[in-house]
Each structure stands twice: as C-alpha cells, then as structure tokens.
Amino acid sequence: MLIEELTQALERFVRESPQNYVGDGVALVPADVGERLYDTPLVKVGDAQDPLWAGMKHPEAVGPLFRTPEEWLPGAARVVSYFAPFSDFVVEGNKNDPTEVGNGWLYARVEGQAFLDNVNHFLEQWLRNRGYKAFSPYSSPEFQSVFEAGTNPDIADKKLSFTSNWSERHVAYICGLGTFSLSKGLITERGVSGRFGSVITDAPLPVTVRPYKGLYDYCTMCGACMRQCPASAITLEHGKSHRLCSSYCERMRLKYAPRFGCGKCQVHVPCERGIPGRS
Ligand code: SF4
Ligand code: SF4
C-alpha cells in the first residue's frame with residue numbers, strides 16, 4: 001500500500017538524516033552534540049476536495065490569503081500532513097527554567113525547521129519518483145506570511161493580525177491530526193510539542209477519517225498553558241494573543257540570536273505528550 005510505503009520512507013528519513021541531530025558545528029555546548037530533535041512523525045491524509053479548505057479563507061480562520069490545495073496544485077487529490085513530535089531532549093530541556101529557553105528548543109525552532117523543509121522536499125520527491133504530482137506550499141518560494149490589519153479576531157485593536165497563504169496547523173486539523181488548543185497550538189494523539197509539515201499530491205492515498213467534530217475537542221481548557229506563559233499572552237476568555245506572543249518571541253530573538261523560541265505553553269502541560277485525559 002502506497003501510504004504504508006510513504007510512512008515508512010518518511011520514518012526512515014527522519015531517523016537517519018544527520019540534519020535531525022545536533023551537529024558539531026551548531027552545538028551551543030559539547031554535551032548537545034548528537035542529540036535528536038524530532039521523534040517518529042505521525043502521518044494523516046486529507047481529501048483535497050474537502051469543503052473545509054474553502055472555509056479557511058474566512059477572516060476568523062486563516063484569512064482570505066489562504067489558498068486551497070486545488071489553487072496550489074491543479075488536479076490535487078490529497079494532502080499529506082504530518083506531526084513531528086519534539087524529542088525528549090527538546091521538551092525536557094525546556095522545563096529547566098520558567099523563562100530561559102532550552103538549547104534543544106532553540107535548535108528545533110531554527111535548524112529543526114530547516115530540516116522539516118527538507119522533509120517536505122523529501123516527500124515531494126518520493127511521490128514524484130512514483131509518477132505523482134507533489135507540492136509543499138510551506139517549503140516553496142510562493143509561501144507568504146504577513147501581518148495584515150483586521151484579519152484576526154483575537155487581536156482587539158485590529159491593527160495587527162497574522163495570516164498566511166498556507167497554515168500547517170489548519171491543514172493538520174482538516175487532515176485529522178488533531179484539534180486546536182487554548183494556546184493556539186494543535187493537540188495530536190502525541191501531544192502539542194512538535195512541528196507540522198505537509199505536501200499536496202494527486203496520489204490516490206486513503207483519506208483519514210477525522211476522529212473529532214469540534215475545533216477544540218481535545219483541549220480541556222484547564223488553563224495550564226496560560227499559567228506557564230511568561231508573557232501573559234494567553235487568557236481563558238480570548239486564547240492566545242498573537243501580538244503579545246510575537247513581541248515576547250522578538251525579545252527572545254534578540255537574546256538568543258541567531259536562534260529564538262519560547263514554547264513554555266507546550267511544556268509542563270497535560271497536553272504536552274498526548275490528548276489530556278486519554279493517556
Ligand atoms: S494546557 Fe490545558 S488549556 Fe492549555 S492547551 Fe493544553 S489542555 Fe488546553
Ligand atoms: S510561545 Fe511563549 S509567549 Fe507565546 S504563548 Fe507560548 S508561552 Fe506565551
């Protein structure tokens with residue numbers, strides 16, 4: 001079966017790629033050399049004709065900039081979405097201090113994201129080698145993310161909103177990987193701590209049945225992420241303020257340049273490594 005072969009190839013690529021391990025040239029301390037950034041990915045498949053894609057253009061979803069799979073790749077049939085959980089090295093290392101960002105988290109946000117771009121390109125090539133079209137919007141030069149006035153309802157002053165033409169978390173929701181969280185992450189069966197990637201294709205892969213109905217089905221609204229946030233960017237009433245989170249992360253960018261990160265809302269929380277109450 002094509003999906004099993006694809007999943008196994010992806011697992012092998014993630015396990016064996018040197019880019020998924022902290023190298024000599026980038027390690028902040030010698031003890032970090034050889035540590036892994038991502039564990040085995042979770043893979044799900046969405047239908048490119050799902051009516052939810054068009055809904056992502058709504059200002060309260062991603063916004064009008066969002067492009068559907070068909071708009072990215074004419075003839076699209078499926079979207080392969082994966083969740084790459086952060087390794088214990090990344091997650092546990094970000095628990096040592098309430099504000100200092102762990103080395104692993106810093107690598108995962110910068111070198112780790114560069115690795116995920118290569119994972120996306122690996123999936124594109126794997127599918128193309130078998131005669132299918134494949135395209136990863138996030139890892140293409142056409143990917144665009146902008147601050148745009150008034151497109152995000154969680155920002156009260158309407159002057160600053162974040163939107164993009166492809167959103168991996170929204171894609172993952174449609175493809176059946178998980179549901180949104182108070183902290184504006186996505187809770188999967190392997191938790192919230194990790195990153196997402198995706199590829200659009202015309203390959204006839206079996207579509208995953210979404211095991212949820214609501215946007216927030218997996219979040220218990222326990223408020224633990226809110227208490228963890230050093231920027232007070234999360235409230236039970238309004239969820240995460242992108243503006244407050246971004247300005248805090250910009251401060252972290254100055255402190256940890258050329259890296260950045262925070263992620264305190266994704267550690268020491270019940271959704272860190274699974275769906276709360278279901279482990
Ligand atoms: S910590 Fe609690 S409120 Fe926050 S995202 Fe996780 S389950 Fe939801
Ligand atoms: S990333 Fe940091 S600043 Fe942003 S919401 Fe999470 S804990 Fe708060």
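The values are calculated or read from the model by the stated rules, or taken from the named source; none is laboratory data. Quick caveat, the model's predicted, so the values are computed rather than measured. All Cβ positions, glycine included, derive from the backbone under ideal geometry; neighbour counts span all protein chains shown. Protein only, heavy atoms only, side chains kept; ligands, DNA and RNA dropped before computing areas. Shrake-Rupley method; radii C 1.70, N 1.55, O 1.52, S 1.80 Å.
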Of all residues making up the stretch 159-192, the number that are assigned to a loop (DSSP other than H, G, I, E, B), of a type outside the set (A, V, I, L, M) and either within 16 Å of ligand 2 (Cβ to nearest atom) or over 20 Å from Ser136 (Cβ atoms) (or both): 8
Given (1) within 16 Å of ligand 2 (Cβ to nearest atom); (2) assigned to a loop (DSSP other than H, G, I, E, B), number of the condition Cys245 does not satisfy: (2)
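Do we find a residue being in contact with a helix residue (DSSP H, G or I) (Cβ under 6 Å, 6 or more places away or on another chain), open to solvent by less than 80 Å² (accessible area, probe 1.4 Å) and not acidic (Asp, Glu) anywhere in the stretch 241-248?
Within the stretch 241-248, not a single residue is in contact with a helix residue (DSSP H, G or I) (Cβ under 6 Å, 6 or more places away or on another chain), open to solvent by less than 80 Å² (accessible area, probe 1.4 Å) and not acidic (Asp, Glu).
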So Ala203, is it open to solvent by 20 Å² or more (accessible area, probe 1.4 Å), of a type in the set (Gly, Ala, Ser), touching a helix residue (DSSP H, G or I) at 6+ places or on another chain (Cβ under 8 Å) and assigned to a loop (DSSP other than H, G, I, E, B): no
So Arg227, is it in contact (Cβ under 8 Å) with a residue 40 or more places away in the chain, of a type in the set (Lys, Arg), within 14 Å of ligand 1 (Cβ to nearest atom) and closer than 21 Å to Gly102 by Cβ: no
Pair list, Cβ under 6 Å, 6 or more apart: the stretch 261-272 residue hydrophobic (A, V, I, L, M, F, W, C), other residue part of a loop (DSSP other than H, G, I, E, B): Cys265/Ser183; Cys265/Cys229; Val267/Asn94; Val267/Lys95; Cys271/Val192
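Are any of the residues in the stretch 75-91 modelled with pLDDT of 95 or more and charged (D, E, K, R)?
Checked the stretch 75-91: at least one residue is modelled with pLDDT of 95 or more and charged (D, E, K, R).
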Looking only at the stretch 260-272, and only at residues there that are assigned to a loop (DSSP other than H, G, I, E, B) and within 11 Å of ligand 1 (Cβ to nearest atom), the one that is most open to solvent (accessible area, probe 1.4 Å): His268
Test: residue in the stretch 251-259 that is small (Gly, Ala, Ser), assigned to a loop (DSSP other than H, G, I, E, B) and open to solvent by less than 10 Å² (accessible area, probe 1.4 Å): no
Any hit, the stretch 189-196, residues being surrounded by fewer than 23 Cβ atoms within 10 Å (Cβ to Cβ), in contact (Cβ under 8 Å) with a residue 60 or more places away in the chain, in contact with a helix residue (DSSP H, G or I) (Cβ under 7 Å, 6 or more places away or on another chain) and closer than 20 Å to Val79 by Cβ: yes
Residues satisfying the stated conditions in the stretch 109-130, i.e. out of contact with any Phe, Trp or Tyr (no Cβ under 9 Å at 6 or more places or on another chain), open to solvent by 50 Å² or more (accessible area, probe 1.4 Å) and touching a residue at least 12 places away in the same chain (Cβ under 8 Å): His121, Arg130
